[in-house]
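What follows is a set of notes on a single structure, which appears directly below.
The values are calculated or read from the model by the stated rules, or taken from the named source; none is laboratory data. Computed from a prediction, not measured in an experiment: that's the story for all the values here. Neighbour counts run over all protein chains shown; Cβ positions are idealised from the backbone, glycine included.
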Amino acid sequence: MAWQRTLLSLSALASCAVVYAQEPPGFIPLSEKKFKYPDGIPLKVDTDDYGRGAQFGVNQCGPKTEGQTSVCQTALINSLDDFCLWAPPKPNSTIGDTEGEAVAWCTKPGHGARVIPKGALTGVQFMRTRVHYSSPDYVQVVGTIDQTQINIAKDDFGGEMDSHGADRRGNPLGGIFYSNAFPSSGGDKNKYEQVIEWHNFMGSNTFCLKACDPAGKNAAKFCEHRFDRIGCEFNAPSKPFASITGTFESCKGENQDFPGVYFENGKEKLYEQPPEALGPITSVPYTARIPASSDCVAQPSSLLYAAAATVTGTGTTTTSAAAGGTTKATSTGGKATSAGANSVAPSKSSTPGSSDAPATVVVSSALAGIFSVFLLCIFAL
Ligand SMILES: *[C@@H]1O[C@H](CO)[C@@H](O)[C@H](O)[C@H]1NC(C)=O
């Protein structure tokens with residue numbers, strides 16, 4: 001025990017050194033920064049130019065920032081025809097390499113951001129939860145996309161972006177989300193609520209984005225950000241991508257289980273995601289439950305995304321590569337099975353878990369890790 005204590009203290013001191021070098025005095029984590037939409041939003045919400053550097057883009061987005069070179073980092077998720085995803089600013093990038101600087105790509109102009117080019121979305125399911133029809137916990141959009149059209153490299157299996165990250169500056173740094181879909185907006189399309197807890201997995205020509213209602217007691221749990229290596233299947237379970245491809249629908253749904261929570265012989269269990277140092281995750285001991293949904297209303301994409309019709313993409317893939325959506329990553333040149341956004345990541349390529357693991361912080365790979373670092377610091381000092 002004694003040697004363990006010593007080890008612990010040593011690592012605690014090392015951790016403290018790392019943490020103190022990282023976070024400047026008065027640092028406020030992204031998930032604690034709140035801004036009223038739109039007038040309360042500063043030019044950049046992240047002013048902590050340390051560690052990973054300065055915030056890439058801006059948060060004041062409007063007519064001046066609108067267009068395909070926009071660096072807008074204020075995103076929205078409102079409905080089937082009106083949402084934004086995070087994707088790289090430059091073509092042929094991997095999520096792992098650029099998650100800190102991702103910009104908003106929206107389904108329609110008017111948000112001061114880039115527009116997802118016509119035809120890039122190949123299937124979308126928008127889901128609004130309706131716990132007993134009264135208090136929804138989250139809205140979610142899941143779908144398939146020709147990811148080259150939004151600057152993601154053809155073979156990239158991607159990773160997770162969220163409002164946390166090991167340095168608590170978010171991925172992208174300073175990226176914020178708003179929604180008019182929660183009850184607090186009362187159906188007023190111009191009344192936006194800031195989404196504090198959200199996660200967005202992009203990769204393998206698939207995506208899932210969940211935005212948790214801050215009024216919900218369990219927002220942080222439904223939008224858990226620690227399971228960044230096991231993709232949409234476990235973090236935002238929906239009907240399979242293969243069945244979503246070719247349809248564009250808006251549904252009501254029951255709540256998912258919290259990501260990582262599963263039931264075995266009637267007993268609740270919590271999955272522990274192994275650290276990246278232990279190599280690729282080849283299996284997960286459970287299958288995430290897909291919650292029931294109903295009242296799905298389908299619409300043709302030509303109507304939903306008509307305003308995107310004028311935007312052409314930079315992608316270079318052929319139509320076959322754009323098929324996406326199959327849970328087999330057919331476009332990844334036979335590399336393992338599915339990936340990043342939609343399943344357990346194969347061993348190759350960038351760093352699917354890197355949303356919580358910037359190079360400078362090696363002691364922990366999740367917010368939980370940061371908390372324990374703080375605890376250790378308290379004990380060590
Ligand atoms: C994308 O980047 C990869 C790796 O840098 C390169 O091999 C490939 O040719 C690039 N593809 C395109 C379409 O530019």
Inset, instruction - Give me the pairs, please: first residue somewhere in segment 146-163 and farther than 23 Å from Trp198 by Cα, second residue anywhere and more than 11 Å from the ligand (Cβ to nearest atom) and among the hydroxyl-bearing types (Ser, Thr, Tyr), beta-carbon distance under 7 Å, and either six or more positions apart or on two chains. - result: Lys154/Ser331; Asp155/Ser331; Asp155/Thr332
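Could you look through segment 107-152, keep only residues that are among the polar types (S, T, N, Q) and over 17 Å from the mean Cα position of the chain (by Cα), and pick out the one that is modelled with the lowest pLDDT? So that I can check it myself, show each step before the final result.
Applying the first criterion (among the polar types (S, T, N, Q)) to segment 107-152 yields 107, 122, 125, 129, 134-135, 140, 144, 147-149, 151.
Add one more test, that the residue is over 17 Å from the mean Cα position of the chain (by Cα), and what stays is 122, 129, 134-135, 148-149.
Working: Thr122: 98, Thr129: 93, Ser134: 56, Ser135: 60, Thr148: 98, Gln149: 98.
Per the stated criteria, the residue is Ser134.
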Legend entry - Residues of segment 90-100 classified as away from the ligand (no atom under 15 Å from the Cβ) and surrounded by fewer than 24 Cβ atoms within 10 Å (Cβ to Cβ), total: 1
Legend entry - Residues being over 20 Å from the mean Cα position of the chain (by Cα), part of a loop (DSSP other than H, G, I, E, B) and among the acidic types (Asp, Glu) - total across segment 249-301: 1
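Of all residues in segment 160-170, which are buried (at least 24 other Cβ atoms within 10 Å of the Cβ) and on the phi > 0 side of the Ramachandran plot? Step through it out loud before you land on a result.
First pass over segment 160-170, keeping only residues buried (at least 24 other Cβ atoms within 10 Å of the Cβ): 160-167, 169-170.
If the condition is that a residue be buried (at least 24 other Cβ atoms within 10 Å of the Cβ) and on the phi > 0 side of the Ramachandran plot, then Gly165, Gly170 are the ones that fit.
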Inset, instruction - Hey, can you tell me all the residues within segment 235-255 that are touching a residue at least 60 places away in the same chain (Cβ under 8 Å) and under 21 Å from Asn218 (Cβ atoms)? - result: Asn235, Ala236, Ser238, Cys251, Lys252, Gly253, Glu254, Asn255
Inset, instruction - Return only the number of the condition from (1) in a strand (DSSP E or B); (2) over 18 Å from Lys90 (Cα atoms) that Gly165 does not satisfy. - result: (1)
Inset, instruction - Look through segment 122-136, keep the residues that are surrounded by fewer than 24 Cβ atoms within 10 Å (Cβ to Cβ) and not hydroxyl-bearing (Ser, Thr, Tyr), and return whichever of them is nearest to the ligand (Cβ to nearest atom). - result: Gly123
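I'm trying to understand the selection: among the residues of segment 58-89, which are within 16 Å of the ligand (Cβ to nearest atom) and hydrophobic (A, V, I, L, M, F, W, C)? Can you show your working first?
The initial filter retains those residues of segment 58-89 that are within 16 Å of the ligand (Cβ to nearest atom), namely 87-89.
Across segment 58-89, the qualifying residue is only Ala87.
Kindly provide the set of residues from segment 102-121 that are away from the ligand (no atom under 16 Å from the Cβ), assigned to a loop (DSSP other than H, G, I, E, B) and not polar (S, T, N, Q), ordered by number.
If the condition is that a residue be away from the ligand (no atom under 16 Å from the Cβ), assigned to a loop (DSSP other than H, G, I, E, B) and not polar (S, T, N, Q), then Ala102, Lys108, Pro109, Gly110, His111, Gly112, Ala113, Ile116, Lys118, Gly119 are the ones that fit.
Being on the phi > 0 side of the Ramachandran plot and either more than 16 Å from the ligand (Cβ to nearest atom) or modelled with pLDDT under 95 (or both), is that true of even one residue in segment 222-237?
Within segment 222-237, the first condition is being on the phi > 0 side of the Ramachandran plot, and the residues that meet it are 231.
Next, from what is left, pick out any that are either more than 16 Å from the ligand (Cβ to nearest atom) or modelled with pLDDT under 95 (or both): 231.
Yes: one or more hits.
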Inset, instruction - Check off (1) surrounded by fewer than 23 Cβ atoms within 10 Å (Cβ to Cβ); (2) touching a His at 6+ places or on another chain (Cβ under 8 Å) for Pro63 and give me the number that stays unchecked. - result: (2)
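To keep it simple, each residue is scored yes or no on (1) surrounded by 13 or more Cβ atoms within 10 Å (Cβ to Cβ); (2) modelled with pLDDT under 95.
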{"site": "Lys269", "(1), (2)": "yes, no"}
{"site": "Glu276", "(1), (2)": "yes, yes"}
{"site": "Val284", "(1), (2)": "yes, no"}
{"site": "Ser294", "(1), (2)": "no, yes"}
{"site": "Ser302", "(1), (2)": "no, yes"}
{"site": "Ala323", "(1), (2)": "yes, yes"}
{"site": "Ala329", "(1), (2)": "yes, yes"}
